[in-house]
Amino acid sequence: MINTNKTKSIIIKLFLIFFFNSLAIASINSFIVVKVDNEIITNLDIKQEYNYLIALNNELKNLDEKSKIDLAKKSLIREKIKKNELSKYYEFDHTQSYLNEIMKQFYLKLNLSNINEFENYLKDFDLTLNKVKKKIEIEILWNELIVQKYAKHIDINKDKLKKKILNQRSLNNIKTKYELSEIVFQVDNKKKLKEKIKEIKESIISKGFKNTANIYSISDTAKFGGDIGWINEEQLSRLILEKLKKLNIDEITDPINIPGGFLIIKLKNIKTEKVEINLDEELKNLIKFEKDKQLNQFSAIYFNKLKLNSKISEQ
């Protein structure tokens, strides 16, 4: 007869051997690359982050191995700094309703129809929907924190914006739209500006605009290769509009000085369309656009302060 207790004992021993061997293998394959305050980033974290970034911008596959690692590492350091700060104010896993809307924006940008398609798409990059949700939640809470801290500092001149709409309104109700991408960057010292501009322009030539945006841009659009989408003419400042009108499709502007950094814009396309212009609706959209622009500038300033005060150590 089979000794049941002995059989169970053998199974348990085999399980424990397998379990501890698995832990040993994992410990060998995983090692710390960076510490951000008390948070660690491992080589496996970097690999997963790169998978996430390439899922949002497939052109990143063409980067060399060092650029891939540097990009993913920089992205994770940024995320850790934000998460450390957010933990002082919020509990996570409490943004479900708004999170679903942001998820929808993500998969629509990737030309996917629904959340199921998005989930299947992520599997190709060894990612789960839950993992991506956690990353998006950090951005949602970060934006909420920036609004709470800086909403009272937003300066909107409604009369000026209304005048801008009226000045740009066409007599035959023809509206011009621009499809744009951006790279927003900073320099620690303005003496290094020329060197930085040269570096970015060389990267655009060798790696492409989208990959360069991923590498250098500090804007939230960086994860999608700097893609802004279609922007109405009246939403653009006079300076930017003047520069865009001098460009041909697929050309870029020289760096434009903006609060908190510098901006390079790529003109991807232009279209005109006849619309029924509603002044109140146009003003509402322009106010929102202006608020978002100012909040993005405050976000960059606040993040830079946090980064300066964070202890970041390469291992």
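The values are calculated or read from the model by the stated rules, or taken from the named source; none is laboratory data. These figures come from a predicted structure and were not determined experimentally. Glycine gets a Cβ as well: all are built from the backbone with ideal geometry, and neighbour counts include every protein chain shown.
The rows are residues; the columns are (1) touching a residue at least 24 places away in the same chain (Cβ under 8 Å); (2) assigned to a loop (DSSP other than H, G, I, E, B); (3) closer than 28 Å to Ile215 by Cβ; (4) hydroxyl-bearing (Ser, Thr, Tyr).
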residue	(1), (2), (3), (4)
Glu139	yes, no, yes, no
Asp159	no, no, no, no
Lys164	yes, no, no, no
Ser181	yes, no, yes, yes
Val187	yes, yes, yes, no
Lys192	no, no, yes, no
Glu195	no, no, yes, no
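Consider the range 217-242 and keep the residues that are in contact (Cβ under 8 Å) with a residue 40 or more places away in the chain and part of a helix (DSSP H, G or I). The one that is surrounded by the fewest Cβ atoms within 10 Å (Cβ to Cβ) is Asp220.
Condition check ((1) part of a helix (DSSP H, G or I); (2) at positive phi; (3) under 17 Å from the mean Cα position of the chain (by Cα); (4) hydrophobic (A, V, I, L, M, F, W, C)) across all residues:
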residue: Ser67; (1), (2), (3), (4): yes, no, no, no
residue: Lys82; (1), (2), (3), (4): yes, no, yes, no
residue: Glu85; (1), (2), (3), (4): yes, no, no, no
residue: Tyr89; (1), (2), (3), (4): no, no, no, no
residue: Leu99; (1), (2), (3), (4): yes, no, yes, yes
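Could you grab the pairs with beta carbons closer than 6 Å, sequence gap of 6+ or different chains, first residue in the range 243-266 and on the phi > 0 side of the Ramachandran plot, second one of a type in the set (Gly, Ala, Ser) and surrounded by 12 or more Cβ atoms within 10 Å (Cβ to Cβ)? Note: pairs meeting the criteria are Gly260/Ala300. The conditions of being basic (Lys, Arg) and over 30 Å from Ser181 (Cα atoms) are met by Lys35.
In the set Ile256, Ile265, only one residue is assigned by TED's automatic domain parsing to the domain that holds Asn214, under 26 Å from Phe209 (Cα atoms) and buried (at least 18 other Cβ atoms within 10 Å of the Cβ); that residue is Ile265. I need the strands (runs of 3 or more DSSP E) fully contained in the range 245-315, keeping only those with at least 3 residues that are touching a strand residue (DSSP E or B) at 6+ places or on another chain (Cβ under 7 Å). Because the criterion is at least 3 residues that are touching a strand residue (DSSP E or B) at 6+ places or on another chain (Cβ under 7 Å), the strands (runs of 3 or more DSSP E) in the range 245-315 that meet it are 261-274, 312-314. Here Thr272 meets the list (1) in contact (Cβ under 8 Å) with a residue 40 or more places away in the chain; (2) buried (at least 18 other Cβ atoms within 10 Å of the Cβ) almost entirely, failing just condition (2).
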